[in-house]
1. Applying the selection to region 13-33, what residues are among the hydrophobic types (A, V, I, L, M, F, W, C) and touching a helix residue (DSSP H, G or I) at 6+ places or on another chain (Cβ under 8 Å)?
2. For region 104-117, what are the residues that are more than 19 Å from Phe10 (Cβ to Cβ) and either over 14 Å from the mean Cα position of the chain (by Cα) or in a loop (DSSP other than H, G, I, E, B) (or both)?
3. Quick check on this structure: which one of Phe134, Phe63, Phe78 is farther than 19 Å from Asn13 by Cα, in contact with a Leu (Cβ under 7 Å, 6 or more places away or on another chain) and at pLDDT 95 or above?
4. Taking the condition surrounded by fewer than 22 Cβ atoms within 10 Å (Cβ to Cβ), under 24 Å from Met8 (Cα atoms), modelled with pLDDT under 95 and of a type outside the set (A, V, I, L, M), does Asp70 pass?
5. Of the residues in region 9-50, how many are under 17 Å from Ile101 (Cα atoms) and hydrophobic (A, V, I, L, M, F, W, C)?
6. Filter region 118-127 down to residues that are hydrophobic (A, V, I, L, M, F, W, C) and not in a loop (DSSP other than H, G, I, E, B), then give me how many there are.
7. Test Leu23 against the criterion of being among the hydrophobic types (A, V, I, L, M, F, W, C) and modelled with pLDDT under 95, and give yes or no.
8. Would you check if Ile30 is out of contact with any Lys or Arg (no Cβ under 7 Å at 6 or more places or on another chain), surrounded by 16 or more Cβ atoms within 10 Å (Cβ to Cβ), touching a residue at least 12 places away in the same chain (Cβ under 8 Å) and not in a strand (DSSP E or B)?
Amino acid sequence: MSRYGEPMSFAVNKSDEQWRDQLGLARYQILREAATEAPFTGSLLNVSTEGEYSCGGCGQVLFRSEQKFDSHCGWPSFDACAPGSIIERPDHSLARVRTEILCSRCGGHLGHVFDDGPTPSGLRYCVNSLAVDFAARETGA
């Protein structure tokens, strides 16, 4: 069961204990309990290097640097995701309904997506830095 009560099945499944051991406390709280890092504190907020952002739980590629933009919201923001990499679902945890984004492979909580992005997609995937890993793209010498 998920924290919202509906059953969800993912390709990567682990017990809470296994996730805690793998992720450590801060990442576990974000990826498995839908916590949020404080705005403007994430290590990936100002990264502008070319590369890929993958799920911190299972390694699935979620975003590419070309999709990242500065939204001034306090979290890394992207205007698109890798096809099929993200599941969206309603989040009723605040006074207004938001759209939560989860890794489609392991169900890890990444953040939220909003329809106020400045690019042609109109989307702003607002992502916790602790929810993802960044790998710089190797450049040819």
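1. Correct list: Trp19, Leu23, Ala26, Ile30, Leu31.
2. Hits for region 104-117 are Asp115, Asp116, Gly117.
3. On the way: Phe63 fails: in contact with a Leu (Cβ under 7 Å, 6 or more places away or on another chain); Phe78 fails: in contact with a Leu (Cβ under 7 Å, 6 or more places away or on another chain).
That would be Phe134, the only listed residue that is farther than 19 Å from Asn13 by Cα, in contact with a Leu (Cβ under 7 Å, 6 or more places away or on another chain) and at pLDDT 95 or above.
4. Details: surrounded by fewer than 22 Cβ atoms within 10 Å (Cβ to Cβ): yes; under 24 Å from Met8 (Cα atoms): no; modelled with pLDDT under 95: yes; of a type outside the set (A, V, I, L, M): yes.
Against the criterion (surrounded by fewer than 22 Cβ atoms within 10 Å (Cβ to Cβ), under 24 Å from Met8 (Cα atoms), modelled with pLDDT under 95 and of a type outside the set (A, V, I, L, M)), Asp70 does not qualify.
5. Initially, region 9-50 is screened for residues under 17 Å from Ile101 (Cα atoms), giving 9-12, 27-37.
Adding the requirement that they be hydrophobic (A, V, I, L, M, F, W, C) leaves 10-12, 30-31, 34-35.
So the count comes out to 7.
6. 2
7. no
8. yes
The values are calculated or read from the model by the stated rules, or taken from the named source; none is laboratory data. Just so it is clear, the structure is predicted and the values come from calculations on it, not from any experiment. Glycine also receives a Cβ, built like all others from the backbone with ideal geometry; neighbour counts cover every protein chain displayed.
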